[in-house]
Amino acid sequence: MDIRVDRVLTALKGLEIKCNVPLSSLTSFRIGGPAAMVLRPHSAEDIRRTIQSCSQFGCPYCVLGNGTNVLAPDAGYPGMVIRLDTPLTTPLFVDTTVTCPAGTSLSVLARESVGMHLMGLETLSGIPGTVGGAVAMNAGAYGSEIRHIIKSVRILKSGRVLDVETKKTDFGDRTSAYSSPSVIVLSATFQLEHDDGGAKERMLETTRQRKEKQPLSLPSAGSVFKRPKGRFAGALIENCGLKGYSVGGAQVSPLHAGFIVNTGKATEKDVLDLIALIQQRVFDETGVRLEREIKLMREL
Ligand SMILES: Cc1cc2nc3c(=O)[nH]c(=O)nc-3n(C[C@H](O)[C@H](O)[C@H](O)COP(=O)(O)OP(=O)(O)OC[C@H]3O[C@@H](n4cnc5c(N)ncnc54)[C@H](O)[C@@H]3O)c2cc1C
(Lines give C-alpha, C1' and ligand atoms only; values in the text may rest on other atoms or scores of the structure.)
Protein backbone atom coordinates (compact mmCIF):
# COMPACT_ATOMS: atom_id res chain seq x y z
CA MET A 1 0.00 0.00 0.00
CA ASP A 2 1.10 3.57 -0.81
CA ILE A 3 2.76 4.97 2.34
CA ARG A 4 0.62 8.15 2.13
CA VAL A 5 -2.56 6.09 2.11
CA ASP A 6 -1.30 4.09 5.07
CA ARG A 7 -0.57 7.27 7.05
CA VAL A 8 -3.94 8.85 6.24
CA LEU A 9 -5.79 5.66 7.25
CA THR A 10 -3.90 5.55 10.55
CA ALA A 11 -4.62 9.23 11.28
CA LEU A 12 -8.31 8.86 10.43
CA LYS A 13 -9.04 5.65 12.37
CA GLY A 14 -12.72 5.57 13.35
CA LEU A 15 -14.06 7.36 10.25
CA GLU A 16 -16.16 5.45 7.70
CA ILE A 17 -13.49 4.78 5.06
CA LYS A 18 -13.48 1.98 2.49
CA CYS A 19 -10.40 0.99 0.48
CA ASN A 20 -10.04 -0.01 -3.19
CA VAL A 21 -13.54 0.98 -4.24
CA PRO A 22 -14.15 0.80 -8.03
CA LEU A 23 -14.88 4.29 -9.38
CA SER A 24 -17.18 2.59 -11.87
CA SER A 25 -19.51 2.01 -8.92
CA LEU A 26 -19.36 5.69 -7.85
CA THR A 27 -19.95 7.35 -11.23
CA SER A 28 -22.93 7.23 -13.59
CA PHE A 29 -20.64 6.56 -16.59
CA ARG A 30 -19.75 3.23 -14.90
CA ILE A 31 -16.10 3.80 -15.87
CA GLY A 32 -12.99 3.90 -13.70
CA GLY A 33 -10.53 1.81 -11.74
CA PRO A 34 -10.23 1.64 -7.95
CA ALA A 35 -10.12 4.64 -5.62
CA ALA A 36 -7.56 4.00 -2.88
CA MET A 37 -9.93 5.35 -0.19
CA VAL A 38 -13.55 6.53 -0.07
CA LEU A 39 -14.87 8.46 2.93
CA ARG A 40 -18.56 8.73 3.83
CA PRO A 41 -18.44 11.70 6.22
CA HIS A 42 -20.89 12.01 9.11
CA SER A 43 -20.09 15.65 9.88
CA ALA A 44 -18.22 18.72 8.66
CA GLU A 45 -15.56 17.82 11.20
CA ASP A 46 -15.00 14.44 9.47
CA ILE A 47 -14.38 16.33 6.21
CA ARG A 48 -12.14 18.92 7.84
CA ARG A 49 -9.99 16.24 9.52
CA THR A 50 -9.77 14.25 6.29
CA ILE A 51 -8.59 17.23 4.26
CA GLN A 52 -6.10 18.15 6.96
CA SER A 53 -4.63 14.63 7.05
CA CYS A 54 -4.50 14.32 3.25
CA SER A 55 -2.73 17.69 3.01
CA GLN A 56 -0.32 16.76 5.81
CA PHE A 57 0.71 13.48 4.15
CA GLY A 58 0.66 14.75 0.54
CA CYS A 59 -2.24 12.49 -0.39
CA PRO A 60 -4.61 13.69 -3.16
CA TYR A 61 -8.29 14.10 -2.31
CA CYS A 62 -11.44 15.10 -4.18
CA VAL A 63 -15.17 15.45 -3.58
CA LEU A 64 -17.90 13.52 -5.34
CA GLY A 65 -21.65 13.74 -4.98
CA ASN A 66 -23.53 11.19 -7.08
CA GLY A 67 -20.74 11.19 -9.67
CA THR A 68 -23.16 12.01 -12.50
CA ASN A 69 -20.98 14.63 -14.17
CA VAL A 70 -17.57 13.02 -13.83
CA LEU A 71 -15.36 10.82 -15.99
CA ALA A 72 -13.05 8.69 -13.82
CA PRO A 73 -9.62 7.34 -14.84
CA ASP A 74 -9.17 3.70 -15.87
CA ALA A 75 -6.07 3.61 -13.66
CA GLY A 76 -8.11 4.57 -10.60
CA TYR A 77 -7.47 7.35 -8.09
CA PRO A 78 -4.49 7.15 -5.73
CA GLY A 79 -6.04 9.23 -2.92
CA MET A 80 -9.19 9.91 -0.92
CA VAL A 81 -12.62 10.40 -2.47
CA ILE A 82 -14.86 12.33 -0.06
CA ARG A 83 -18.30 11.13 -1.04
CA LEU A 84 -21.13 13.49 -0.15
CA ASP A 85 -24.09 11.52 -1.42
CA THR A 86 -25.97 10.78 1.78
CA PRO A 87 -28.10 13.40 3.51
CA LEU A 88 -27.48 13.52 7.25
CA THR A 89 -30.80 15.31 7.91
CA THR A 90 -34.07 15.73 6.03
CA PRO A 91 -34.95 18.98 4.17
CA LEU A 92 -36.21 21.72 6.48
CA PHE A 93 -39.06 23.78 5.04
CA VAL A 94 -39.72 27.21 6.58
CA ASP A 95 -42.41 29.23 4.79
CA THR A 96 -41.13 29.37 1.18
CA THR A 97 -37.51 28.40 1.90
CA VAL A 98 -35.98 24.96 2.14
CA THR A 99 -32.60 24.04 3.62
CA CYS A 100 -31.00 20.66 3.06
CA PRO A 101 -27.64 18.89 3.34
CA ALA A 102 -25.36 18.70 0.30
CA GLY A 103 -25.90 14.95 -0.02
CA THR A 104 -29.66 15.32 -0.61
CA SER A 105 -30.83 14.02 -3.98
CA LEU A 106 -31.94 16.98 -6.12
CA SER A 107 -34.80 14.88 -7.50
CA VAL A 108 -36.05 13.98 -4.04
CA LEU A 109 -35.82 17.63 -2.94
CA ALA A 110 -37.74 18.77 -6.03
CA ARG A 111 -40.49 16.21 -5.45
CA GLU A 112 -40.78 17.10 -1.76
CA SER A 113 -40.94 20.81 -2.60
CA VAL A 114 -43.74 20.22 -5.06
CA GLY A 115 -45.46 18.14 -2.35
CA MET A 116 -45.17 21.18 -0.05
CA HIS A 117 -46.96 23.31 -2.71
CA LEU A 118 -43.79 25.21 -3.61
CA MET A 119 -42.37 25.94 -7.04
CA GLY A 120 -38.89 26.69 -8.35
CA LEU A 121 -37.26 23.26 -8.29
CA GLU A 122 -39.75 21.28 -10.36
CA THR A 123 -37.98 21.49 -13.74
CA LEU A 124 -34.70 20.37 -12.13
CA SER A 125 -36.31 17.20 -10.79
CA GLY A 126 -34.78 14.92 -13.44
CA ILE A 127 -31.17 15.91 -12.77
CA PRO A 128 -29.66 12.83 -11.12
CA GLY A 129 -27.12 14.65 -8.90
CA THR A 130 -26.94 15.77 -5.30
CA VAL A 131 -27.71 19.28 -4.08
CA GLY A 132 -23.96 19.85 -3.47
CA GLY A 133 -23.07 18.77 -7.00
CA ALA A 134 -25.91 20.89 -8.44
CA VAL A 135 -24.68 23.99 -6.59
CA ALA A 136 -21.07 23.34 -7.65
CA MET A 137 -22.13 22.94 -11.29
CA ASN A 138 -24.93 25.53 -11.31
CA ALA A 139 -27.05 22.71 -12.72
CA GLY A 140 -30.01 23.68 -14.84
CA ALA A 141 -32.72 22.39 -17.12
CA TYR A 142 -35.72 23.63 -19.09
CA GLY A 143 -34.90 27.31 -18.53
CA SER A 144 -34.21 27.12 -14.80
CA GLU A 145 -30.85 27.03 -13.02
CA ILE A 146 -29.66 26.70 -9.45
CA ARG A 147 -28.59 30.37 -9.46
CA HIS A 148 -32.23 31.44 -9.94
CA ILE A 149 -33.37 29.91 -6.66
CA ILE A 150 -30.38 29.60 -4.35
CA LYS A 151 -30.32 31.89 -1.31
CA SER A 152 -27.37 30.82 0.81
CA VAL A 153 -24.89 28.02 1.39
CA ARG A 154 -23.03 26.56 4.33
CA ILE A 155 -19.52 25.76 3.15
CA LEU A 156 -16.21 24.42 4.37
CA LYS A 157 -13.41 26.69 3.21
CA SER A 158 -9.81 26.77 4.43
CA GLY A 159 -10.78 24.58 7.40
CA ARG A 160 -13.66 26.84 8.52
CA VAL A 161 -17.42 26.39 8.31
CA LEU A 162 -19.00 29.56 6.87
CA ASP A 163 -22.56 30.65 6.09
CA VAL A 164 -22.65 32.68 2.89
CA GLU A 165 -25.46 34.59 1.18
CA THR A 166 -24.98 33.74 -2.49
CA LYS A 167 -24.95 36.28 -5.34
CA LYS A 168 -26.07 35.63 -8.93
CA THR A 169 -22.54 36.49 -10.09
CA ASP A 170 -21.17 33.53 -8.08
CA PHE A 171 -22.64 31.26 -10.77
CA GLY A 172 -21.72 30.80 -14.41
CA ASP A 173 -22.26 28.44 -17.28
CA ARG A 174 -22.28 25.05 -15.48
CA THR A 175 -19.78 26.41 -12.99
CA SER A 176 -19.83 28.22 -9.65
CA ALA A 177 -17.67 29.69 -6.93
CA TYR A 178 -18.86 26.86 -4.65
CA SER A 179 -16.98 23.90 -6.06
CA SER A 180 -14.35 21.62 -4.60
CA PRO A 181 -11.45 21.57 -3.98
CA SER A 182 -11.40 25.20 -2.74
CA VAL A 183 -14.93 25.10 -1.35
CA ILE A 184 -17.04 22.19 -0.11
CA VAL A 185 -20.78 22.74 0.05
CA LEU A 186 -22.21 21.32 3.28
CA SER A 187 -25.79 22.50 2.85
CA ALA A 188 -27.85 24.89 0.76
CA THR A 189 -30.94 27.04 1.26
CA PHE A 190 -33.30 27.71 -1.65
CA GLN A 191 -35.82 30.53 -1.94
CA LEU A 192 -38.91 29.06 -3.58
CA GLU A 193 -42.36 30.51 -4.26
CA HIS A 194 -45.90 29.40 -3.52
CA ASP A 195 -47.04 27.01 -6.23
CA ASP A 196 -49.07 28.72 -8.99
CA GLY A 197 -50.92 25.43 -9.38
CA GLY A 198 -48.76 24.14 -12.23
CA ALA A 199 -45.61 22.85 -10.50
CA LYS A 200 -46.60 19.17 -10.49
CA GLU A 201 -47.61 19.27 -14.15
CA ARG A 202 -44.29 20.95 -15.11
CA MET A 203 -42.39 18.27 -13.18
CA LEU A 204 -44.27 15.44 -14.89
CA GLU A 205 -43.87 17.06 -18.31
CA THR A 206 -40.08 17.50 -17.98
CA THR A 207 -39.78 13.90 -16.74
CA ARG A 208 -41.76 12.72 -19.77
CA GLN A 209 -39.53 14.72 -22.12
CA ARG A 210 -36.37 13.32 -20.55
CA LYS A 211 -37.62 9.74 -20.91
CA GLU A 212 -38.45 10.38 -24.54
CA LYS A 213 -35.33 12.30 -25.58
CA GLN A 214 -32.49 11.08 -23.34
CA PRO A 215 -30.72 7.70 -23.36
CA LEU A 216 -31.55 6.94 -19.72
CA SER A 217 -31.13 3.16 -20.03
CA LEU A 218 -27.38 3.37 -20.72
CA PRO A 219 -24.63 4.77 -18.46
CA SER A 220 -23.63 8.37 -19.25
CA ALA A 221 -22.79 11.65 -17.57
CA GLY A 222 -25.55 13.65 -19.23
CA SER A 223 -24.71 16.34 -21.79
CA VAL A 224 -21.02 16.14 -22.58
CA PHE A 225 -20.69 19.71 -23.83
CA LYS A 226 -21.90 23.09 -22.65
CA ARG A 227 -24.49 24.74 -24.83
CA PRO A 228 -22.78 27.05 -27.34
CA LYS A 229 -24.42 30.51 -27.54
CA GLY A 230 -27.54 30.38 -29.69
CA ARG A 231 -26.91 26.76 -30.77
CA PHE A 232 -27.45 23.24 -29.45
CA ALA A 233 -24.44 20.93 -29.08
CA GLY A 234 -26.56 17.87 -29.91
CA ALA A 235 -27.82 19.36 -33.19
CA LEU A 236 -24.31 20.45 -34.24
CA ILE A 237 -22.96 16.95 -33.58
CA GLU A 238 -25.88 15.29 -35.36
CA ASN A 239 -25.49 17.57 -38.40
CA CYS A 240 -21.85 16.46 -38.65
CA GLY A 241 -23.10 12.90 -39.09
CA LEU A 242 -21.76 11.68 -35.76
CA LYS A 243 -24.96 10.34 -34.20
CA GLY A 244 -24.27 6.70 -33.30
CA TYR A 245 -20.51 7.04 -33.97
CA SER A 246 -18.38 4.88 -31.63
CA VAL A 247 -14.85 4.75 -30.31
CA GLY A 248 -14.38 1.45 -28.47
CA GLY A 249 -17.28 1.17 -26.00
CA ALA A 250 -18.08 4.90 -26.08
CA GLN A 251 -20.84 5.94 -28.47
CA VAL A 252 -22.52 9.21 -29.46
CA SER A 253 -26.03 8.33 -28.37
CA PRO A 254 -28.26 7.43 -31.34
CA LEU A 255 -31.13 9.01 -29.35
CA HIS A 256 -29.49 12.32 -28.32
CA ALA A 257 -26.20 13.33 -29.94
CA GLY A 258 -25.31 15.57 -26.98
CA PHE A 259 -24.80 12.46 -24.83
CA ILE A 260 -21.97 9.92 -24.96
CA VAL A 261 -23.09 6.54 -23.64
CA ASN A 262 -21.10 3.61 -22.34
CA THR A 263 -22.31 0.64 -24.38
CA GLY A 264 -20.67 -1.84 -22.03
CA LYS A 265 -16.90 -1.74 -21.87
CA ALA A 266 -16.04 1.92 -22.46
CA THR A 267 -12.79 3.18 -20.99
CA GLU A 268 -11.84 6.72 -20.01
CA LYS A 269 -9.63 6.80 -23.11
CA ASP A 270 -12.51 5.77 -25.41
CA VAL A 271 -14.60 8.67 -24.08
CA LEU A 272 -11.74 11.18 -24.29
CA ASP A 273 -10.87 10.11 -27.84
CA LEU A 274 -14.52 10.41 -28.87
CA ILE A 275 -14.79 13.87 -27.25
CA ALA A 276 -11.67 15.04 -29.11
CA LEU A 277 -12.99 13.67 -32.41
CA ILE A 278 -16.37 15.39 -31.94
CA GLN A 279 -14.75 18.72 -31.04
CA GLN A 280 -12.49 18.60 -34.08
CA ARG A 281 -15.22 17.57 -36.53
CA VAL A 282 -17.71 20.19 -35.25
CA PHE A 283 -15.03 22.89 -35.39
CA ASP A 284 -13.94 21.91 -38.90
CA GLU A 285 -17.51 21.86 -40.23
CA THR A 286 -19.12 24.75 -38.33
CA GLY A 287 -16.36 26.82 -36.71
CA VAL A 288 -17.98 26.26 -33.28
CA ARG A 289 -15.68 25.21 -30.44
CA LEU A 290 -17.57 22.83 -28.15
CA GLU A 291 -16.54 23.20 -24.52
CA ARG A 292 -16.61 20.11 -22.34
CA GLU A 293 -19.17 20.21 -19.51
CA ILE A 294 -18.35 16.90 -17.86
CA LYS A 295 -15.42 16.95 -15.47
CA LEU A 296 -12.39 14.71 -15.51
CA MET A 297 -11.60 13.33 -12.10
CA ARG A 298 -8.01 14.49 -12.37
CA GLU A 299 -9.34 18.09 -12.57
CA LEU A 300 -11.33 17.85 -9.31
C1 LIG B 1 -28.86 11.22 -17.40
C2 LIG B 1 -28.26 12.52 -16.93
C3 LIG B 1 -28.96 13.70 -17.12
C4 LIG B 1 -28.41 14.91 -16.71
N5 LIG B 1 -29.13 16.05 -16.91
C6 LIG B 1 -28.63 17.24 -16.51
C7 LIG B 1 -29.35 18.45 -16.71
O8 LIG B 1 -30.46 18.47 -17.22
N9 LIG B 1 -28.80 19.60 -16.29
C10 LIG B 1 -27.57 19.65 -15.67
O11 LIG B 1 -27.12 20.73 -15.30
N12 LIG B 1 -26.86 18.51 -15.47
C13 LIG B 1 -27.35 17.31 -15.87
N14 LIG B 1 -26.64 16.18 -15.65
C15 LIG B 1 -25.28 16.25 -15.07
C16 LIG B 1 -25.24 16.12 -13.53
O17 LIG B 1 -26.32 15.33 -13.06
C18 LIG B 1 -25.25 17.49 -12.84
O19 LIG B 1 -24.12 18.24 -13.19
C20 LIG B 1 -25.29 17.34 -11.31
O21 LIG B 1 -25.52 18.60 -10.75
C22 LIG B 1 -24.01 16.74 -10.73
O23 LIG B 1 -24.27 16.40 -9.37
P24 LIG B 1 -23.45 15.21 -8.68
O25 LIG B 1 -23.87 15.14 -7.25
O26 LIG B 1 -23.57 13.97 -9.44
O27 LIG B 1 -21.98 15.81 -8.77
P28 LIG B 1 -20.65 15.03 -9.19
O29 LIG B 1 -20.77 14.56 -10.58
O30 LIG B 1 -20.31 14.03 -8.15
O31 LIG B 1 -19.58 16.22 -9.11
C32 LIG B 1 -19.66 17.27 -10.06
C33 LIG B 1 -18.74 18.41 -9.59
O34 LIG B 1 -19.25 18.97 -8.39
C35 LIG B 1 -18.28 18.88 -7.33
N36 LIG B 1 -19.03 18.62 -6.11
C37 LIG B 1 -19.90 17.59 -5.85
N38 LIG B 1 -20.41 17.72 -4.62
C39 LIG B 1 -19.87 18.84 -4.08
C40 LIG B 1 -19.97 19.50 -2.82
N41 LIG B 1 -20.80 19.05 -1.85
N42 LIG B 1 -19.24 20.64 -2.62
C43 LIG B 1 -18.42 21.13 -3.59
N44 LIG B 1 -18.25 20.54 -4.79
C45 LIG B 1 -18.98 19.41 -5.02
C46 LIG B 1 -17.37 17.73 -7.74
O47 LIG B 1 -16.09 17.85 -7.13
C48 LIG B 1 -17.32 17.92 -9.26
O49 LIG B 1 -16.42 18.97 -9.58
C50 LIG B 1 -27.15 14.94 -16.07
C51 LIG B 1 -26.46 13.74 -15.86
C52 LIG B 1 -27.00 12.54 -16.29
C53 LIG B 1 -26.24 11.27 -16.04
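See the values below:
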{"quantity": "Looking only at segment 280-300, and only at residues there that are assigned to a helix (DSSP H, G or I) and open to solvent by 30 Å² or more (accessible area, probe 1.4 Å), the one that is farthest from ALA233 (Cα to Cα)", "calculated": "ARG298"}
{"quantity": "Inter-residue pairs, beta-carbon under 6 Å, first part of a helix (DSSP H, G or I) and in segment 25-48, second open to solvent by 20 Å² or more (accessible area, probe 1.4 Å) and of a type in the set (Gly, Ala, Ser), 6+ apart", "calculated": "ARG48/GLY159"}
{"quantity": "Residue that is within 14 Å of the ligand (Cβ to nearest atom) and aliphatic (A, V, I, L, M), where the choices are ALA233, ALA250", "calculated": "ALA233"}
{"quantity": "Residue among THR169, THR130 that is polar (S, T, N, Q), within 30 Å of LEU290 (Cβ to Cβ) and over 18 Å from the mean Cα position of the chain (by Cα)", "calculated": "THR169"}
{"quantity": "Residues satisfying the stated conditions in segment 275-300, i.e. over 21 Å from GLY230 (Cβ atoms) and under 21 Å from the mean Cα position of the chain (by Cα)", "calculated": "ILE275, ILE294, LYS295, LEU296, MET297, ARG298, GLU299, LEU300"}
{"quantity": "Residues being over 26 Å from LEU26 (Cβ atoms), outside any helix (DSSP H, G or I) and of a type in the set (A, V, I, L, M) - total across segment 76-119", "calculated": "6"}
{"quantity": "Options ASP46, ASP74; residue that is acidic (Asp, Glu) and within 15 Å of the ligand (Cβ to nearest atom)", "calculated": "ASP46"}
{"quantity": "Residue identified as in the same structural domain as VAL114 (by TED's automatic domain parsing) and either away from the ligand (no atom under 16 Å from the Cβ) or touching a residue at least 40 places away in the same chain (Cβ under 8 Å) (or both) among PHE225, PHE190", "calculated": "PHE190"}
{"quantity": "Count of segment 180-211 residues which are at pLDDT 95 or above and either of a type outside the set (A, V, I, L, M) or surrounded by fewer than 15 Cβ atoms within 10 Å (Cβ to Cβ) (or both)", "calculated": "21"}
{"quantity": "Where a residue in segment 108-132 is more than 12 Å from TYR142 (Cα to Cα) and its partner, wherever it lies, is near the ligand (Cβ under 7 Å from one of its atoms) and in a helix (DSSP H, G or I), with Cβ under 8 Å and at least six apart", "calculated": "PRO128/LEU106; GLY129/LEU106; GLY129/MET137; THR130/LEU106; VAL131/LEU106"}
{"quantity": "Test result for ILE51, within 10 Å of the ligand (Cβ to nearest atom) and over 19 Å from GLY222 (Cβ atoms)", "calculated": "no"}
{"quantity": "All positions within segment 157-171 that are within 25 Å of GLU299 (Cβ to Cβ) and surrounded by 14 or more Cβ atoms within 10 Å (Cβ to Cβ)", "calculated": "VAL164, THR166, ASP170, PHE171"}
{"quantity": "Qualifying position, being among the small types (Gly, Ala, Ser) and away from the ligand (no atom under 14 Å from the Cβ), among GLY264, GLY258", "calculated": "GLY264"}
{"quantity": "Test: residue in segment 263-279 that is touching a residue at least 60 places away in the same chain (Cβ under 8 Å), of a type in the set (A, V, I, L, M) and outside any loop (DSSP other than H, G, I, E, B)", "calculated": "yes"}
{"quantity": "Cross-chain or 6+ apart pairs with Cβ under 7 Å, segment 159-180 first and not assigned by TED's automatic domain parsing to the domain that holds ILE146, then surrounded by fewer than 18 Cβ atoms within 10 Å (Cβ to Cβ) and not aromatic (Phe, Trp, Tyr)", "calculated": "none"}
{"quantity": "Residue check, SER107 in the same structural domain as ASP173 (by TED's automatic domain parsing), more than 9 Å from the ligand (Cβ to nearest atom) and at pLDDT 95 or above", "calculated": "yes"}
{"quantity": "Options LEU300, LEU296: the member that is modelled with pLDDT under 95 and either within 14 Å of the ligand (Cβ to nearest atom) or among the hydroxyl-bearing types (Ser, Thr, Tyr) (or both)", "calculated": "LEU300"}
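The values are calculated or read from the model by the stated rules, or taken from the named source; none is laboratory data. No experiment lies behind these values; they were computed from the predicted model shown. Glycine also receives a Cβ, built like all others from the backbone with ideal geometry; neighbour counts cover every protein chain displayed. Calculation scope for accessible area: heavy atoms of the full protein, side chains included, ligands and nucleic acids excluded. Shrake-Rupley method; radii C 1.70, N 1.55, O 1.52, S 1.80 Å.
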